[in-house]
Amino acid sequence: MVSIKDVAALAGVSDRTVSRVVNGEGLIRPQTKKKVQKAIETLGYVPNQAARLMRTSRSSVLGLITDVVSTTPFSTDIVRGIQDTLDDTPYTLLTVNTSANPAKEQRAWQIFREHGIGGVFYVTMFHRHVSSKTEFPNAPTVLVNCSAPERALPSVVPDDYQGGLDVVRYLVEQGHRKIAYVMLNELLLAADLRGRAFFDGLAAAGIEVRKEWVVPGRVGAIFADRFVAFENARRLLSSPDRPTAIVCGNDETALQVYCAAADLGLRVPNDVSVVGFDDFQVISTGIQPPLTTMALPYRDMGALAVRMLVDIIAGRSTAESQVKYPCELIRRGSVASLK
């Protein structure tokens, strides 16, 4: 096995100099650093991270624990944002996907403790509050796409409420006053936030909410729920007094609404305007006309979480520990102006 002494001998420097280059410590002359790096590459030297951890009592490995986010297409931008931003730091990432299994999550925390992880990103697929029973390790931790109101843990979440308000305001600006809402599963925190925004947005515009125009899009237990958006949207659009616009809890729901409209011989946006939420681009840019939707800032949330965690590890104070990241309205072709 190649040792640090072998690298030092080939580069013509001391063991300490090689160690400083490997660990990014102190000021090293560029020419010396280049020689050491060339020797490392030539010999295929791999630093002993375990020994480094014993010497420094800190790890350059950060842990990322998820429920199902890492295998969910429209949520992977969180992980991508974290990984891409870490490229500019000395840290590497160890990712564990628990599949929302409590036993697997407990084992993941144990693995992180055993390896002396330097910090943790706790990432969830759905924007939600973390259970009060969750036991976090004694390491700096940033929550992403979730929060823990009863604990003083920093978090980065999308501003679902403001995004929902902006959707309604946009439709009102386009002249719509007959607006329906096909909701997310009511068990989700995002459903509550976006739903309240829908009601508040209509109230602010002086538009009365028609309760029969607020219908579920998915029902059932989370991870085992089923779509009812097609049936409910078809019923809404079958009425002679139908809405001119439908706000959808997410883009998958919007796809169901498109299908319901097509089944009735209606066209988007000529006969009904549709707005989604998420900007899941497999759907939002794949259907015709392309879907106007509120984009969730997943990648930016991941990047911000890295900056927050690195600051915490370094002992620097963060400007804000509970961040609601703004969502951006992506205007495409699914909304008609009635002005």
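The values are calculated or read from the model by the stated rules, or taken from the named source; none is laboratory data. For clarity, every value in this text was computed on a predicted model and none was experimentally measured. Cβ placement follows ideal geometry from the backbone for every residue including glycine, while neighbour counts extend to all protein chains displayed. What goes into the accessible areas is simple: the full protein's heavy atoms, side chains included, and nothing from ligands, DNA or RNA. Shrake-Rupley method; radii C 1.70, N 1.55, O 1.52, S 1.80 Å.
How many residues does the stretch 170-194 contain that are at pLDDT 95 or above, open to solvent by less than 60 Å² (accessible area, probe 1.4 Å) and either on the phi > 0 side of the Ramachandran plot or out of contact with any Gly (no Cβ under 7 Å at 6 or more places or on another chain) (or both)? So the answer is 9. Output the residue which, of all residues in the stretch 274-317 that are among the acidic types (Asp, Glu) and assigned to a helix (DSSP H, G or I), is modelled with the highest pLDDT. The qualifying residue modelled with the highest pLDDT is 300. Restricting attention to the stretch 262-273, which residues are under 12 Å from residue 288 (Cβ atoms) and either free of Cβ contacts under 8 Å to residues at least 60 places away in the same chain or not in a loop (DSSP other than H, G, I, E, B) (or both)? Across the stretch 262-273, the qualifying residues are 262, 267. Pairing each residue of the stretch 295-324 that is under 15 Å from residue 89 (Cβ atoms) and open to solvent by less than 20 Å² (accessible area, probe 1.4 Å) with any residue that is hydrophobic (A, V, I, L, M, F, W, C) and assigned to a helix (DSSP H, G or I), provided the two are 6+ apart or on different chains, yields C-beta distances under 7 Å for 302/78; 302/79; 302/82; 305/82; 306/82; 306/86. Against the list (1) surrounded by 15 or more Cβ atoms within 10 Å (Cβ to Cβ); (2) over 30 Å from residue 87 (Cβ atoms); (3) in contact with a helix residue (DSSP H, G or I) (Cβ under 9 Å, 6 or more places away or on another chain); (4) not basic (Lys, Arg), the condition residue 263 fails is (1). Taken over the stretch 145-166, the residue count meeting the criterion of being farther than 15 Å from residue 311 by Cβ and not in a loop (DSSP other than H, G, I, E, B) is 12.
Answer yes or no: is there a residue in the stretch 157-173 that is in contact with a Ser or Thr (Cβ under 6 Å, 6 or more places away or on another chain) and farther than 18 Å from residue 243 by Cα. Checked against the condition, which is being in contact with a Ser or Thr (Cβ under 6 Å, 6 or more places away or on another chain) and farther than 18 Å from residue 243 by Cα, the stretch 157-173 yields at least one hit. For residue 286, are the conditions met, namely being more than 17 Å from the chain's Cα centre (by Cα), at positive phi and of a type outside the set (A, V, I, L, M)? It is false that residue 286 is more than 17 Å from the chain's Cα centre (by Cα), at positive phi and of a type outside the set (A, V, I, L, M).
Selection of the stretch 54-101 for residues being in a helix (DSSP H, G or I) and either acidic (Asp, Glu) or modelled with pLDDT under 85 (or both) yields 54, 55, 56, 69, 70, 71, 73, 74, 75, 76, 77, 84. All conditions in (1) buried (at least 20 other Cβ atoms within 10 Å of the Cβ); (2) closer than 20 Å to residue 224 by Cα; (3) not aromatic (Phe, Trp, Tyr) hold for residue 143, with the sole exception of (2).
A residue that is over 20 Å from residue 201 (Cα atoms) and surrounded by fewer than 17 Cβ atoms within 10 Å (Cβ to Cβ) occurs somewhere in the stretch 241-254.
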